[in-house]
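The next block holds one structure in the form of structure tokens; read it before the comments.
The values are calculated or read from the model by the stated rules, or taken from the named source; none is laboratory data. Computed from a predicted model, the values in this text were never measured in an experiment. FYI the Cβ positions are ideal-geometry reconstructions off the backbone, even for glycines, and counts take in every protein chain you see.
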Amino acid sequence: MIKKKGFHGIFTGWWIILTSGFLTSWGHGFYTQGFSALFTPIATDLHLNRAVTSIAASIGRLEGGFEAPVIGWVTDKYGPKWVIMFGAFLIGSGLVLMWFVNSMWTFYIVWGVILGTGMNAGLAIPLDKAISNWFVRKRGMALSVRALMQGLATIAVLPLVTWLIGKIEWRLTCVVGGATMLLVGLPLIWIFIKQQRPEYYGLLPDGAKNKEESNGDESHMIHKGVEYAADILEFEFTLRQALKTRAYWLVTIAWTAGNLAIMPLTVHFMPFLTDMGITPVKAAFMMSIAGIASIPTRLIIGLLADRIRKKYMRVLPLAAFLIIAASILCYQLVQTVAMAQAFLILYYIGFTASIFLYTAVVVRYFGRKSLGSIQGTTTLIMMPFGVLAPIYVGWIFDRTGSYFIAFNLFIGLLILAAILILFARPPRPPEHVSDINKFL
């Protein structure tokens, strides 16, 4: 049992947000954004071309597709805390083990398998579940605050990684990242991440006041929490019920198409900029400017997600996909350094919005109960495409010496994603709402 006001009188959900913000900013700062900075040094040191180097990032997505349904099921059944702890331990350990990488295969095992599994287990489905459990009416703001902190991966951690590479080389840089995750991240998870919904601790989501005394009756509090969510038309679907809806498949296909453009860009941004003659430090600075410029948008979209009616939720990701498409198109038309900066700014506005809007849309459409299982199933469906996309983009560059063809493909995919999400209307409530422990 925890105190009803949480640590130091602050609602416990906000401590979960702050912890998840650190984990995602540091983890993605090294693994996702940082890989763009580490890409060229690793490729040069290990004598790899771009397509082969890109495989390391794709391995994590490949295994993530198979791991996600299991991670989702475990998270829904037992809670997110220990899954996040396990993932953070693998991230920290994997980064430390990068010190010993001296071949393509050890690189694939450490970066692709160990780090990839850690990111999938620690910083994806379980964190979304932990946050969504504790927020309903304020979920958009909660997710946007987390996205705001995750933006530090670009604003602060990526420049730090780039600077450290220049000072102490890439292996020791990875060790610094891993040690910080182990020494700071693990204690934060232990203290602040909670296993269950707030109702299990005598609280309501969002820190809302409970006008009735529960007298320690757990089932009564759980029922109150379900009623609280139903007031904004959020109903609890099982995985099977969600899979039978048209909305689920349209949302899944839309984000699959969008991610086919978004994820390869994240991997190849630094090489793309340095190919223009920009130094790695300046390239990281340009990406930091883009991250800073996207901060107001994250907060605005979070506020809109909390206030917009459920049937209009799909308008927000539609706008995000079109903004990313517009950013690429602008650069394709005018290929200058100034336009590359504009490209980065617009991209990060749309990219960061699309990340937390996926969770916001899925939870509003299908409820908190089966979020882990639904996201895990979706990840499995997306997996083959996420694996092949960065490799294919690297192959296009190796053959043509340019990203021009790949960028044109991205524009088409993002427009397709926008069209699909436009038709993803909220599903009707399920005919039978089962107990919250029956999530499959």
Which ones in the range 405-425 are more than 16 Å from Ile324 (Cβ to Cβ), touching a residue at least 24 places away in the same chain (Cβ under 8 Å) and either touching a strand residue (DSSP E or B) at 6+ places or on another chain (Cβ under 6 Å) or loosely packed, with under 14 Cβ neighbours inside 10 Å (or both)? Phe423
Give Ala326, Ala283 a once-over and let me know the one that is closer than 16 Å to Tyr347 by Cβ and either at pLDDT 90 or above or charged (D, E, K, R) (or both). Ala326
Output the residues belonging to the range 93-103 that are buried (at least 24 other Cβ atoms within 10 Å of the Cβ) and of a type in the set (A, V, I, L, M, F, W, C). Leu95, Met98
Would you call Gly372 touching a Lys or Arg at 6+ places or on another chain (Cβ under 7 Å) and not charged (D, E, K, R)? yes
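Please report, ordered by residue number, the helices (runs of 4 or more DSSP H) entirely within the range 62-149 with at least 3 residues that are in contact with a helix residue (DSSP H, G or I) (Cβ under 6 Å, 6 or more places away or on another chain) and over 28 Å from Ile10 (Cα atoms).
Output list reads 81-97, 116-122.
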Quick check: is even one residue across the range 390-412 closer than 23 Å to Thr75 by Cβ and aliphatic (A, V, I, L, M)? no
Of the residues in the range 355-366, those that are crowded, with 24+ Cβ neighbours inside 10 Å and at pLDDT below 85 come to Phe356
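For every residue, the table says whether it meets (1) surrounded by 18 or more Cβ atoms within 10 Å (Cβ to Cβ); (2) under 27 Å from Phe11 (Cα atoms); (3) modelled with pLDDT under 75.
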site: Pro198; (1), (2), (3): yes, yes, no
site: Pro205; (1), (2), (3): yes, yes, no
site: His220; (1), (2), (3): no, yes, yes
site: His223; (1), (2), (3): no, yes, yes
site: Ile232; (1), (2), (3): no, yes, yes
site: Arg240; (1), (2), (3): no, no, no
site: Thr245; (1), (2), (3): yes, no, no
site: Trp249; (1), (2), (3): no, no, no
site: Thr256; (1), (2), (3): yes, no, no
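Every residue, every condition in (1) surrounded by fewer than 24 Cβ atoms within 10 Å (Cβ to Cβ); (2) in contact (Cβ under 8 Å) with a residue 24 or more places away in the chain, yes or no:
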site	(1), (2)
Trp15	yes, yes
Ser54	no, yes
Ile59	yes, yes
Lys77	yes, yes
Pro80	no, yes
Ile91	no, yes
Trp105	yes, no
Gly112	yes, yes
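Take Ala338 and tell me if it is in a helix (DSSP H, G or I), over 19 Å from the mean Cα position of the chain (by Cα), more than 20 Å from Ala153 (Cβ to Cβ) and free of Cβ contacts under 8 Å to residues at least 12 places away in the same chain.
The answer is yes for Ala338.
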Taking the range 384-404, which residues are farther than 21 Å from Ile324 by Cβ and either under 16 Å from the mean Cα position of the chain (by Cα) or part of a helix (DSSP H, G or I) (or both)? Pro384, Trp395, Asp398, Arg399, Thr400
Close pairs from the range 350-373: first within 12 Å of Thr238 (Cα to Cα), partner assigned to a helix (DSSP H, G or I) and aromatic (Phe, Trp, Tyr), Cβ under 8 Å, at least 6 apart: Tyr365/Tyr248; Phe366/Tyr248; Gly372/Trp73; Ser373/Trp73
Residue within the range 244-264 that is closer than 23 Å to Ala156 by Cβ, in a helix (DSSP H, G or I) and touching a residue at least 12 places away in the same chain (Cβ under 8 Å) present: yes
